[in-house]
Structures are given as structure tokens and as C-alpha cells.
1. Here is a list of conditions, (1) part of a loop (DSSP other than H, G, I, E, B); (2) modelled with pLDDT under 90, and residue A:80 meets all of them except one; can you say which number that is?
2. Restricting attention to segment A:1-17, which residues are within 26 Å of the chain's Cα centre (by Cα) and part of a loop (DSSP other than H, G, I, E, B)?
3. Looking only at segment A:22-58, count every residue that is buried (at least 17 other Cβ atoms within 10 Å of the Cβ), within 14 Å of chain B (Cβ to nearest Cβ) and under 22 Å from residue A:98 (Cβ atoms) and tell me the total.
4. Go through segment A:51-66 and give me each residue that's within 15 Å of residue A:93 (Cα to Cα) and either outside the structural domain of residue A:27 (by TED's automatic domain parsing) or not in a loop (DSSP other than H, G, I, E, B) (or both).
5. Could you check, for segment A:129-137, whether at least one of its residues is at pLDDT below 90, within 13 Å of another protein chain (Cβ to nearest Cβ) and under 23 Å from the mean Cα position of the chain (by Cα)?
6. Check whether at least one residue in segment A:18-26 is out of contact with any strand residue (DSSP E or B) (no Cβ under 9 Å at 6 or more places or on another chain) and assigned to a strand (DSSP E or B), and report yes or no.
7. Among the numbered criteria (1) closer than 26 Å to residue A:189 by Cα; (2) in contact with a strand residue (DSSP E or B) (Cβ under 9 Å, 6 or more places away or on another chain); (3) within 9 Å of chain A (Cβ to nearest Cβ), which one does residue B:2 miss?
8. Can you run down the residue pairs with Cβ atoms below 7 Å, 6 or more apart or on separate chains, where the first is in segment A:47-69 and farther than 19 Å from residue A:10 by Cβ and the partner is in a helix (DSSP H, G or I)?
């Protein structure tokens, strides 16, 4: 497996103001941590990192200060309004050491249950796995064409790949096919009803809750 | 569907200002596609319901719509031709408060084209500017 290299620069400035300036100049603030060594604050060129993200690779060589370190892209923070990348976390790893990470679960095929009138619910969109960095899969693909009505696919039924261990409970549901439940229309009485006021004081003559004595 | 709370602490609420962007409910969490608000505003229960009805008319059977916001806030008003004073008016309708970035509707089980068409219909019922968003891929 070829490991891509990403160039980074060490940065000394920190804080939101400095990070904003960095982002305005076309860079992304990042951090490298792990293996009980000191954290290193970095800055990346955003175009380089975007190109790297498109390759869907997780394991990289991080080049800074005339040295290279193997690192895993641990987390990418986005601005949810502009979709720009705010910050990146890298974790130091050894190539012969197992890592924990989340990979997406993709389902394919039309389930038998859907043909019989059910609907498919894909609950677990990503799963946490343990594996060696060299065998990190891009995604886990599962064929669900044999899934009948009222049946579920569990983590234990995911394809077993050599060197990969699924970390969630084996009984966790990945996808299920179930009957469509009709939305019960609210009655007119219910639509006109006012919400119950829980702090309402009982009027004189009405029976309220007995007061608690201190 | 009854789009108002079952129990409240107080019947009438103060208007409040809507400050800042959404820091929660701002990513697609349940479906594959979402409709994200780009402006702050109040979405009334009627507008939310109108959005749901218009979506149900063009969503195929296997599509699932999730509404991520709920009208928790009551808005009161005074009857017309009433003199000022004599206390706050009675609650008229219920609204959901949305901030820029709030994902209001989500769809799963359909392709991108169908989701875009459905959200386009919902967007016409919304009093705020919205945009189409997709679930972010795991890194």
C-alpha cells in the first residue's frame, strides 16, 4: 500500500484570532499528538489537504521540520455553514501497531423485504474497527439483498475481513426492513387542546396537589 | 399530527432575540440528505406541517422524512381593535426557533435527485433561506 505524503509547517501562534488569520490566508490549523510525545501545532495548505481527502486515505506521512512521521487522520472539523475545514487532528502511529478508527458501512442490493412492501432503515452508517494501519479499508460493503421483512442485519453478520475486528456489540443493528406504520391523524379535540401548564396554581375551591412540608 | 408541546412550564413566552449560528442540530444525523436553514427565524407549526405534507406527496414509499425541529415556543397576540394594556395577549400559534445552520428536515432511502426535488418543494413553504446538504462522509 502506497502511503501519501503531506507537507506541513510548524506554527507557534495559537488561539481563535490567530487560527482565523491562518484560515484567511488559505491554510488550515492542525495538531499532531499521541505516543506520549509533545503535541505539535501545525498548519497545512488547504488545497493540498483537500486533494488528500479526496483520495479517501487515512494513513499518511506527515512531513515537517525536515522529518517525516507516520500519522492517522483522526478528526476533521468543518464549519457547518460554509463547509470549509476548520481544523485537523493527526494521531501518531506505528505501522505495526493496531489502531481504532471509524469506517463507513455501505449497503447494496434490494432487500427481499422491500419487494414485499417493507422499508429499509440503515441505522449504523459507520462502524468502529481495530486493525493494522496497512489494512485500513475505505468502507465496509454489505449485501442486503437477502434481508426479509421484519429482519435485521447485525454487526456480527458484517463481512469478516482478515485483520479487522469490529468493536461494537455484535448484536448492534446495522440495517433492518420493517413494515410502514401509518401516521395516525390527530383528532379535532387533540388539535384544539392547549398544553398542560405544570406550574399552574390551583384556583380556590379546586383540589391541587398537597403541599410538601419541609 | 399535533405540533405543539403536551406540557409546558409557562403558557406565554417572551419573544427573545436569535443570536449566532446553530451549534447543535447542525449536521445531517438521521438521513442521507438535509435541508439547512441559512437565516435565523421562527418556523410556525403550520409551516412545518405544510412542508411535511408537500414532501409526502412527492416522496416515494421507501423514502423516510425526519423533522428535526419542534415548535416549543408560543407566540401570543392581542385581538384587533383592542386598547393597549390589560396584560399580554393569548397564545395564537406555536413556533420552532431556528438559527443559521439548523438542519430542519432530513430524508433517507431515496436518491439525490428525488431528495433535491422534495426539498425544493419544502423550501417554498419555509419563511427562511435554506440550502440542500448531504451527510458528511466518514473521513
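1. For residue A:80, the failing item is (2).
2. A:1, A:2, A:3, A:15 - these are the residues of segment A:1-17 that are within 26 Å of the chain's Cα centre (by Cα) and part of a loop (DSSP other than H, G, I, E, B).
3. Counting residues in segment A:22-58 that are buried (at least 17 other Cβ atoms within 10 Å of the Cβ), within 14 Å of chain B (Cβ to nearest Cβ) and under 22 Å from residue A:98 (Cβ atoms) gives 2.
4. Result: A:59, A:60, A:61, A:62, A:63.
5. Within segment A:129-137, one or more residues are at pLDDT below 90, within 13 Å of another protein chain (Cβ to nearest Cβ) and under 23 Å from the mean Cα position of the chain (by Cα).
6. No; the residues of segment A:18-26 include none that is out of contact with any strand residue (DSSP E or B) (no Cβ under 9 Å at 6 or more places or on another chain) and assigned to a strand (DSSP E or B).
7. (2)
8. A:59/A:133
The values are calculated or read from the model by the stated rules, or taken from the named source; none is laboratory data. Small disclaimer: the values here were computed from a predicted structure and weren't measured. Glycine gets a Cβ as well: all are built from the backbone with ideal geometry, and neighbour counts include every protein chain shown.
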